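The values are calculated or read from the model by the stated rules, or taken from the named source; none is laboratory data. This is a predicted model, so every value here is computed, not measured. Don't worry about glycine lacking a Cβ; one is built from the backbone with ideal geometry, like all the others, and counts go over all protein chains shown. To get the accessible areas, we keep the full protein, side chains included, count just its heavy atoms, and leave off ligands, DNA and RNA. Shrake-Rupley method; radii C 1.70, N 1.55, O 1.52, S 1.80 Å.
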Amino acid sequence: ITSYLRRITSNHVPADKLNSFVRMSDIFEAPSAALRNALDNILKEIPLSLYLFLKLTQRNELQKLKLLFGGFAYYDNVYLLGLAPLSLEELEANKGFVPLATSHDGHKMLFADTRNLLGRGYGNIFAIREVNSVQDGFKLVVYSFGKDITQFLGELSRKKMHKSMELKISYLDWFDTLEFPGSDTVTEGIRIRATGICDPWNHHNGRKVFSYQIRVSNDGRTTTAKLTTRHWVCKDGDHESKVDGPGVIGFYPRVGPNTTDFVYHSCTFQSSKSGSMGGGFAFKEENGNHEIFAKIEPFPLRLPAGASLLEFNSVTDAVRMIEEGINE
C-alpha cells in the first residue's frame, strides 16, 4: 500500500485530471458522472494520497487486514488498530477530521486532518487525548504525529511483527528494539535493548505516559545467568529518581545458550520536555556465585521530531501549541 501511494502521488495528479487517472488505475472501475462530481468536491479538501488510501482499503480483500495499523501494549492497555470503515458519502461530508483507524472496542482512534485545521500539514495523522466542552463547541487536546498517511504507513512498514503470548495474536509492533533501539548495551554476553514511545491517547495527572519495551538477549554466553534484581535511574528534566526491586514485572528471566529473547513492556510518566531511563539488571550465574550487573544505557523519553501536543478550539479554530517534539 505504501509503495502504491508513493508511486501514484509522486506524479502530483491534479484534481481536474483525476477522471482519466482513475480510469487508468488498476484499483478503480470507470467512475460514473455522479462519482466524478463527488471526487471533484472531495479532492478540493482532501489530499489525493489520503483519498487513494481510503478507497484502496475498502476493497474486500484488504478488509481482512484487521490490524493494518499495528499497535502496542503495556500492562492492561492494548492498542491494536484496524481500519475505520468510511463510505464515500461520509468522506464527502467530513468536517476536516477523517477517522482512519480504530481499536477493537472503538475507544482509541487515529484521524487525518484533511483541512489542516491543526496547522501541521494537510492529511496529518493525529490522536485525540482529551475532549472538553465549551460554549457552542469543544476543545480538543491532540497528539499530532506530524506525518501524512504515506509517511505514517512507510514508517510502519519497517516495523517487525510481534507475537503476543498473552493475546495469542501477532501484530506490527510500534516498538522496534530489534532494528532501532533507543539504547543497546552488552555486558558479559547479556545484551539489553530498550526503547520508549509516548502514549498518544493517555496522560496521568497532566503528565505524559511513556511506554517502553525492554529486550534481553544472549550475545555469546556459554553459561546461563538468571536475573535477580532491577535498578532504574529515571530522569524527568532536572529531577532524578531511582527504582530498585526484585525481578522485572514479576519475572526472573534466564539468559544462556538455549534461551530466547525475553521481551517485556512497562510505562513511566514525564512532566518535562526531555527525560530518560537507564540503569541495569543484576544477574547471577546458575553454576556458580558470579554476579553480573548488565547495564542499560539511558534511552530517551520525549516527543520525536515532528510530533506535537496541541489544543484545538472548535468554536474559534484556534490552535495552541502545548509541546513540540525535539530533534534527536
Worksheet entry | strands (runs of 3 or more DSSP E) within segment 157-242 that include 1 or more residues crowded, with 16+ Cβ neighbours inside 10 Å and basic (Lys, Arg) | 190-204, 207-218, 225-236
Worksheet item: Residue check, Ile326 against (1) surrounded by 14 or more Cβ atoms within 10 Å (Cβ to Cβ); (2) in contact (Cβ under 8 Å) with a residue 40 or more places away in the chain, all met but one. Which one?
Response: (1)
Fill in: So Val134, is it over 20 Å from Cys267 (Cβ atoms), among the aliphatic types (A, V, I, L, M) and exposed (fewer than 14 other Cβ atoms within 10 Å of the Cβ)
yes
Practice prompt. Sort through Pro246, Pro253 and tell me the only one that's without any contact (Cβ under 8 Å) to a residue 40 or more places away in the chain and surrounded by 18 or more Cβ atoms within 10 Å (Cβ to Cβ).
Written response: Pro253
Worksheet, complete the sentence: Val142 fails exactly one of (1) at pLDDT 90 or above; (2) under 16 Å from Ile46 (Cβ atoms), namely (2)
Discussion item. Just to be sure before I move on: is Ser308 open to solvent by less than 50 Å² (accessible area, probe 1.4 Å), under 26 Å from the mean Cα position of the chain (by Cα) and closer than 27 Å to Lys163 by Cα in the structure I sent?
Written reply: no
Worksheet item: Among (1) among the aliphatic types (A, V, I, L, M); (2) under 28 Å from Lys273 (Cβ atoms); (3) in contact with a Gly (Cβ under 7 Å, 6 or more places away or on another chain), which single condition is Val142 missing?
Response: (3)
Worksheet entry | Leading residue by the ranking (nearest to Lys139 (Cα to Cα)) among those in segment 267-305 that are of a type in the set (Lys, Arg) and surrounded by fewer than 18 Cβ atoms within 10 Å (Cβ to Cβ) | Lys273
